[in-house]
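Worksheet: the structure to be examined is printed underneath.
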Amino acid sequence: NSFDKRIEQYLRPLYYQRYVDDVLLVVDATEKETLNKEEAIKQYLVDTGIVTLIKDRDISENIRQDNSDNSRLKMSGYHNLFIQQNKVNHFVFPKNEQTLLLDVYEEYIEQNSSITGMLPDFDILKTSFRKSVYTLKNFETSNKIRDIGFLQSNNYNATRYIVSLMRLLKDTKNHPDDVRKVVEQIIEFYRGSQCIEFSNNWSTIFELLITCHFKEYAKEFYLTVKENINSLNMDKITTDDLFESRKNIILNGLKDSLQTKLDVAISIAAVHDNYIIDEGLYKLVEQFRKSNMFNHNLISNALENYTDVITSKSLRDENPSSLLGCFRKFDYFCIMWTPRFIHISEIYIALLRICLNNSNNINLDPDEIFEFYDKCNNLMRISERPKFSKDASFISGIETHSYLFNSDVKPNPKIALVNTRITEADVEKSIINPNYALTFSNKEKLYKIINMAKEENATTIVFPEYYFPLRWLPEVLRFATKFNITIITGLSLIITTKNAYNIVCALVPIGKKRNYKTGLMILREKNFYTPKEKIVFSKYNLKCNNASPVKYYICDNGFYKFGTILCYEFTEIASRTHYKEQVEVLFIPQLNKDTNYFSAIVESAARDLHCFIIQANTSDYGDSRITAPYKTLFKNILQVKGGENDVVLTATIDTQFLKEVRETFDAKVNLQMKVCNECTEEKNYEKCEICKRMVYKDDFVKFPAPRI
């Protein structure tokens with residue numbers, strides 16, 4: 001802390017970042033024509049008193065650097081805390097010249113962070129754990145058996161495998177036998193000497209075992225490690241007389257430290273499920289729970305550990321019905337002392353639960369959410385945090401919320417239309433069994449779809465109605481924000497004790513690439529429920545209420561505007577007319593078998609509203625399409641139905657030319673009328689190239705009459 005303050009007070013750099021012992025400094029050196037590494041260290045570190053230059057003769061032999069250096073840097077105010085000069089990198093970027101090095105670094109960092117930022121790869125379970133963590137020495141560099149060395153274990157690959165496996169299993173219902181073989185291989189890997197050598201992985205292993213509900217394995221592993229600790233000895237260590245006299249003290253201290261580390265590891269993991277392997281650890285588990293110092297990624301319900309729930313409640317409750325009725329307010333002491341960054345997606349989900357608990361209405365005000373978000377993470381002082389403006393209007397009984405924001409979008413979006421299967425029977429089964437949709441196979445299909453769309457460089461992904469489980473939204477929103485992908489989807493049915501909710505969701509990234517980025521999660525309940533929905537819900541003593549007033553939203557990213565409307569809402573004339581001249585793109589997630597009826601409405605609405613209409617239906621019923629206000633031959637840019645496997649089809653839509661047509665329509669019509677009159681007088685229709693051109697591109701149709 002004193003070092004940080006000294007940097008801030010005496011150097012006052014343009015930028016300062018420190019991660020433990022890695023320090024990055026950016027200073028203004030525009031007045032210097034040349035500045036080598038030694039000069040920079042002296043001017044910015046030594047002369048400011050941040051570090052002290054010590055000659056080699058003044059350093060004791062046991063800490064002296066190699067003979068090639070004649071001086072050392074010591075951090076001021078710290079005894080024997082030295083800086084290795086050979087690890088100090090120095091870069092000068094001349095003013096008004098290309099920063100090629102920075103650009104290359106940026107691309108390299110983005111490439112590597114993109115790999116880790118992708119949603120988990122489900123193929124990991126198809127790969128043997130042993131194959132992932134063991135390699136044969138010289139196997140790839142020799143074709144002779146005698147040259148092949150022994151097996152080498154790779155703890156880094158083992159850790160990645162375990163963490164990826166936990167991400168895959170989170171918030172899914174699976175039979176323990178599905179992962180038992182892999183778990184047994186992992187436990188086998190951490191036996192013997194590796195059990196102690198890789199002690200930093202103890203907490204990760206315990207978390208995996210508790211996540212998989214293998215508590216008997218957790219107890220067995222704990223006792224195995226404890227036995228290995230107690231069996232440690234120094235029999236094979238060569239010692240001198242001085243060390244021999246303290247041998248037992250050092251060994252006992254090592255055993256005590258490892259035992260404490262083991263107790264901490266299992267206590268951190270036990271927080272999630274209140275699993276107490278030993279009564280003596282009960283207090284330690286309770287302390288970690290109260291301090292919030294544990295792995296928050298494994299918590300089932302977003303921010304539940306920041307609320308007024310009792311501390312004895314399990315955080316690994318995988319029953320989706322527990323989404324509601326768990327808590328009613330936040331514990332602001334926990335918020336104030338949060339040990340980690342709180343993501344906006346978590347706040348959205350937590351506040352949705354509070355809304356439905358308190359009022360049975362979805363009333364999420366983004367202004368209030370972002371204000372709370374800023375306070376949680378102390379972002380009030382950061383001006384670069386992306387801003388958005390919100391406006392509300394009330395016309396003809398319809399309430400419209402408009403959001404204006406900036407983001408790194410392309411003027412003409414590339415749409416990924418998802419052709420996947422969901423049935424009305426699936427919806428009804430989710431009422432009977434809330435765990436029905438949260439299967440490992442469903443999560444695998446969903447994440448593969450999103451990864452496929454990402455690989456196709458899609459900027460928007462559109463899913464059908466009733467498709468997306470609410471539990472999986474937080475991780476997906478962070479993914480969408482990172483890669484600047486908008487996701488439009490219908491959520492899986494949300495059930496409370498008395499009500500059923502059909503919700504449409506838009507995950508919208510906001511913010512620029514070089515500034516802070518976050519996302520909007522716009523949730524809206526269906527305005528008009530179908531008669532069939534009401535009948536099915538009533539069978540299970542559930543109600544669904546039509547909205548009053550009717551609500552819609554419009555998002556404006558600076559290039560084009562878009563809105564969403566669900567299938568039954570689309571049949572209501574006033575609702576779809578409400579979007580006329582207001583949006584360039586209209587998304588329609590649906591689960592509807594009456595494709596002929598909707599096909600007629602879509603084709604008519606594309607021309608009447610003069611916008612692109614993107615309809616995503618289940619693959620069983622089909623007619624998922626992207627329809628444009630073009631001539632009949634070109635109106636369907638993309639259209640798909642059927643298939644056993646999930647498919648992502650992409651198409652780029654020209655929203656910018658659509659806007660241009662709207663703005664210049666009258667002027668172009670008048671121009672062509674004038675040209676045609678001249679051609680008629682001269683009787684040279686066939687020779688006139690201007691008359692051969694369409695007024696509004698080859699495939700655009702007539703612009704509709706203005707809205708009354």
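The values are calculated or read from the model by the stated rules, or taken from the named source; none is laboratory data. Remember, it's a predicted structure, so these values are computed and weren't measured experimentally. Note that we place each Cβ from the backbone using ideal geometry, even for glycine, and neighbour counts take in every protein chain shown. Ligands, DNA and RNA are stripped out before the accessible areas are found, and what is left, the full protein with its side chains, is counted by its heavy atoms. Shrake-Rupley method; radii C 1.70, N 1.55, O 1.52, S 1.80 Å.
Here are the numbers:
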item: The lone exception for residue 492 - which of (1) among the polar types (S, T, N, Q); (2) more than 24 Å from residue 543 (Cβ to Cβ); (3) touching a residue at least 40 places away in the same chain (Cβ under 8 Å) it fails; result: (2)
item: Residues located in region 573-600, provided they are open to solvent by 10 Å² or more (accessible area, probe 1.4 Å) and either touching a strand residue (DSSP E or B) at 6+ places or on another chain (Cβ under 9 Å) or part of a loop (DSSP other than H, G, I, E, B) (or both); result: 574, 576, 578, 580, 581, 582, 584, 591, 592, 593, 594, 599
item: Among the candidates 529, 568, 540, residue that is within 30 Å of residue 414 (Cβ to Cβ) and out of contact with any Leu (no Cβ under 8 Å at 6 or more places or on another chain); result: 568
item: Subset of region 239-277 that is surrounded by 14 or more Cβ atoms within 10 Å (Cβ to Cβ) and of a type in the set (Asp, Glu) - its residue that is nearest to the chain's Cα centre (by Cα); result: 273
item: Hits in region 563-576 - residues which are closer than 20 Å to residue 530 by Cβ and either of a type in the set (Lys, Arg) or in contact (Cβ under 8 Å) with a residue 12 or more places away in the chain (or both); result: 564, 565, 566, 567, 568, 569, 570, 571, 572, 574, 575, 576
item: Every residue from region 1-51 that is open to solvent by 100 Å² or more (accessible area, probe 1.4 Å), acidic (Asp, Glu) and over 16 Å from residue 89 (Cα atoms); result: 8, 31, 33
item: Qualifying residue in region 554-563 (condition: open to solvent by 10 Å² or more (accessible area, probe 1.4 Å), modelled with pLDDT of 90 or more and of a type in the set (Ser, Thr, Tyr)); result: yes
item: Residue ranges of strands (runs of 3 or more DSSP E) in region 362-438 with at least 2 members within 30 Å of residue 651 (Cα to Cα) and either open to solvent by less than 50 Å² (accessible area, probe 1.4 Å) or among the β-branched types (Val, Ile, Thr) (or both); result: 398-405, 414-419
item: Some residue of region 192-200 being closer than 26 Å to residue 127 by Cβ, open to solvent by 20 Å² or more (accessible area, probe 1.4 Å), assigned to a helix (DSSP H, G or I) and modelled with pLDDT of 90 or more; result: yes
item: Selection within region 445-486 - open to solvent by 10 Å² or more (accessible area, probe 1.4 Å), of a type in the set (Val, Ile, Thr) and within 10 Å of the chain's Cα centre (by Cα); result: 481
item: Helices (runs of 4 or more DSSP H) fully within region 220-309 counting 1 or more residues that are in contact (Cβ under 8 Å) with a residue 40 or more places away in the chain and among the polar types (S, T, N, Q); result: 282-291
item: Condition broken by residue 179, with the remaining ones in (1) in contact (Cβ under 8 Å) with a residue 12 or more places away in the chain; (2) closer than 30 Å to residue 470 by Cα; (3) open to solvent by 40 Å² or more (accessible area, probe 1.4 Å); (4) out of contact with any strand residue (DSSP E or B) (no Cβ under 8 Å at 6 or more places or on another chain) satisfied; result: (3)
item: Output for region 616-633, where each listed residue is touching a Phe, Trp or Tyr at 6+ places or on another chain (Cβ under 9 Å), more than 16 Å from residue 413 (Cβ to Cβ) and not β-branched (Val, Ile, Thr); result: 617, 623, 629, 630, 631
item: Strands (runs of 3 or more DSSP E) wholly inside region 608-654 containing at least 3 residues that are open to solvent by less than 10 Å² (accessible area, probe 1.4 Å); result: 612-616, 624-627
